[in-house]
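The values are calculated or read from the model by the stated rules, or taken from the named source; none is laboratory data. What you see is a predicted model, and the numbers here were worked out from it, not measured in a lab. Cβ placement follows ideal geometry from the backbone for every residue including glycine, while neighbour counts extend to all protein chains displayed.
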Amino acid sequence: MEIREIRIENLDTQDFIRKKASELSSAVGDGLAVNALSGGVDSSAATMLGHRALGDKLKTYFVENGLMRAGEPERIVALFAGLGVPVKIVDARDQFLGALKGLTDPEEKREAITRVFYRDVFGRIVKDSGAKYLLQGTNYTDVEETVAGIKRQHNILEQLGIDTQEQYGYKVLEPLIQLRKSAIRKVANALGLPEEIYGRPPFPGPALAARVIGEVTPERVETVRKATTIVEEELSGSRAFQYLAILHQDRVTGIRDGKRDYGLQIEVRCWESKDAKEGSPTRLPYELLEKLSERLTGEVPGVVSVTYNVTRKPPSTIEAI
Ligand code: XMP
């Protein structure tokens, strides 16, 4: 890999911010740039850095792909408005869910999301706005895992030989690419973002689609969305690196009202990790696991089975697809 990592112990945040802001500003010059904010640590840091460097020359969009957590678009747009950064919501739900229809292979699902995001949604935004650059918060681990062939992270393009100028009509700017997540948290803090953003657990670019095994339909996303709300409510106090709910494809026999209910299975994962490269399952108290099982079977329609994953990464990965 040609990109040189800046390790957290060697990171001078103020110096980094100054350098990257100046690089962004000379790259964009008198032109216009756009960027997508998802509310995750990386895209939030890239957005703040971009606004510091480019001001009005950067337009920020929140892409509502129909795969986000409950209430997330409104919450993030309001939070950034409070920080003086205007964010426009782009409703692309039909485009993403349409492209995912009928797909079950994990790599094909990831490719469909990448294609809709970069070609359809941002291709159009760039054409309409006249922008020549897309700013995004790609991090060092994203590149490493994609190049290693583990899984294609949604935001890796040039490192896979994709010429974004030729294929989508814009150049990609990635000021955080030399940093891992823990270093990006430091930069996000130094940029004035609140702890609820810089301290957030990671959330994948393909959003809840990364947590639906098999076909991603609006109904199946809604199931995993409800499960995610419960898992996040119950596990946010655990201080774990990341916690998530996964909807399985196979059904299993359960009992409801004294009858067979051939129902859904939710898998809960909770990870200890430093930078997502390796991970181990959190040793959650059994009472908490029982509570999760009761809430998930009681509050998420159709769920009859809840499991807790006790596998390390590797051989597991953090997400399910
Ligand atoms: P895996 O599942 O590869 O995940 O062990 C490692 C970390 O990356 C997040 N993740 C993604 N982040 N785009 C992202 O921005 C993606 O396509 C993507 N896939 C996984 C995952 O949540 C974990 O923190």
Verdict on Thr141 being within 16 Å of the ligand (Cβ to nearest atom), surrounded by fewer than 21 Cβ atoms within 10 Å (Cβ to Cβ) and free of Cβ contacts under 8 Å to residues at least 40 places away in the same chain: no
Selected residue (criterion: modelled with the lowest pLDDT) from residues of the stretch 243-273 that are away from the ligand (no atom under 13 Å from the Cβ) and not in a strand (DSSP E or B): Asp257
Residue within the stretch 127-135 that is touching a Lys or Arg at 6+ places or on another chain (Cβ under 8 Å), at negative phi, more than 10 Å from the ligand (Cβ to nearest atom) and of a type in the set (A, V, I, L, M) present: yes
Scope the stretch 164-182; condition crowded, with 19+ Cβ neighbours inside 10 Å and under 17 Å from the mean Cα position of the chain (by Cα); matching residues: Glu174, Leu176, Ile177, Leu179, Arg180, Lys181
Residue in the stretch 267-274 that is among the small types (Gly, Ala, Ser) and under 18 Å from the mean Cα position of the chain (by Cα) present: yes
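Conditions tested, residue by residue: (1) more than 25 Å from Tyr262 (Cα to Cα); (2) within 16 Å of the ligand (Cβ to nearest atom); (3) at pLDDT 95 or above; (4) among the basic types (Lys, Arg).
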site: Ser280; (1), (2), (3), (4): yes, yes, yes, no
site: Leu284; (1), (2), (3), (4): yes, no, yes, no
site: Gly302; (1), (2), (3), (4): no, no, yes, no
site: Val306; (1), (2), (3), (4): no, no, yes, no
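Which members of the stretch 93-130 meet the condition of being in a loop (DSSP other than H, G, I, E, B) and acidic (Asp, Glu)?
So the first thing to find is which residues in the stretch 93-130 are in a loop (DSSP other than H, G, I, E, B), and the list is 101-105, 130.
Across the stretch 93-130, the qualifying residue is only Asp105.
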